[in-house]
1. Need one word for the stretch 163-238: rounded, prolate or oblate. Basis is the Cα gyration tensor (sqrt eigenvalues a ≥ b ≥ c); a/c below 1.5 gives rounded, then a/b vs b/c decides.
2. For a Förster distance of 30 Å, can you work out the FRET efficiency between the beta-carbons of Thr40 and Leu173, rounded to the nearest 0.05?
3. Given labels modelled 7 Å from the Cα in the Cβ direction, how far is it in nm from Ser194 to Lys159?
4. So which GluC sites (Glu not before Pro) in the stretch 134-238 are both in a DSSP loop and have at most 14 other Cβ atoms within 10 Å of their Cβ?
5. Pick from Leu309, Leu139, Leu125: which residue has the top mean-square fluctuation in a GNM of the chain where Cα pairs under 10 Å get a spring?
6. In debye, nearest 20, what is the charge dipole magnitude of the stretch 99-245 about its Cα centre with +1 on Lys and Arg Cβ and -1 on Asp and Glu Cβ, if you could check?
7. Just round it to a whole percent: the fraction of Cα-Cα distances in the chain exceeding 39 Å.
8. Place +1 on the Cβ of every Lys and Arg and -1 on the Cβ of every Asp and Glu in the chain, take the dipole about the Cα centre, and give the residue among His160, Ala128, Pro37 whose Cα lies farthest towards its positive end.
Amino acid sequence: MAPVAVYPEPTNNGQVATKLSAIPHASGVPVTGAVKPQATVEEMAGKWSDFRFRPIRESQVSREMTRRYFSDLDKYAESDIVIVGAGSCGLSTAYCLAKARPDLKIAIIEANVSPGGGAWLGGQLFSAMIMRKPADAFLREVGVPYEDAGEDSNYVTVKHAALFTSTMLSKVLQFPNVKLFNATSVEDLITRRSPDGTLRVAGVVTNWTLVTMHHDDQSCMDPNTINAPIIVSTTGHDGPFGAFCVKRMVAMDAIPALGGMRGLDMNVAEDAIVKGTREVAPGLIVGGMELSEVDGANRMGPTFGAMALSGVKAAEEALKVFEERREQCNEGGKW
Ligand code: 48N
């Protein structure tokens, strides 16, 4: 067998050169011949004694992963819209944007390895997710099954919050114009001064979250960047990672001091969050519970309809502003 260092680069689109197909199988029998028809699970049942995976070389796995990741980093280095935070609001924003504008490049930056934010469980770690009507319209749009106590009832119940979040993730990740960069934190914002002196947001500054968490105990670990004319920030209410972008804007004197999330009032909170979702500074749209920190809005506790519909509104605001920005972009078409 040739030394690994001379193994050929895979041809483009990931097809490996035929030479690799001569790698002797673990049993020493070279794997050759035409590709068999697609296997089925039924065929495998009960025949495990001669079961075998197709042979592979570890470098093929490494190259497939790294090639894709770095080509995505290259492609989304200039994005049309960046969504910070893949919680229920960020995911509904991404769904609405990607569906409405398949021509736009949409990057989602999520600090956790697991996207979904606080929407994997209902309140107090209970399973069921409650959404007040008319947010059931969003559930039907995305295809999340729910129980309705009848047309006179004021809410619907998704039997497990994870059913909502996993369905959202499945739909959002299938859009070809969406890229989720999870385990990745927004550590700062790219900003520009407009001629009139106002600060506008023109992208995000990112790093691996594990790096972000260790800036205080390691030597300098510089970040990466993504340029975009519109940032939709949905980083949740205050907490270790919460309300990141608006806190950063206050620190730069770009928006006034935060109002701070107020006490729980479901009826007041959800209307305020949906109606208040907007561009809080040039280039920065805020939705979901991060907005409660900006406006001093009440919290709603364990109802999620406002998160879904705030995402719908955030997408609408982003597309409105995106078209306006097109005129304001510099000669290079860059904001
Ligand atoms: O789920 P969250 O926290 O935020 P939302 O606004 O999508 O949904 C909020 C909702 O879950 C509630 O809090 C409910 C309705 N309760 C209300 C109440 O009264 O208690 O998702 C935010 C996401 C998380 O996944 C974070 O990991 C992520 O944003 N995130 C970040 N990602 C990248 N860079 C950052 N700097 C960052 N900060 C937060």
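A short reminder: the numbers here are calculations on the coordinates, not readings from a lab. Nothing here was measured: the structure is a model prediction, and the numbers come from that model. Reconstructed Cβ throughout: ideal geometry from the backbone, glycine too, with neighbour counts over all protein chains shown.
1. Working: a/c = 2.15, a/b = 1.22, b/c = 1.77.
Verdict is oblate for the stretch 163-238.
2. Efficiency for this residue pair is about 0.75.
3. Distance between label points: 5.1 nm.
4. On the way: sites: Glu141, Glu147, Glu151, Glu187; in loops: Glu151.
Loop-located and lightly packed - Glu151.
5. Leu125
6. Working: 12 positive and 15 negative charges, 102 e Å.
Here the size comes out at about 480 debye.
7. Here the long-distance tail beyond 39 Å is 27 percent of all Cα pairs in the chain.
8. Going by the charge dipole, the pick is Pro37.
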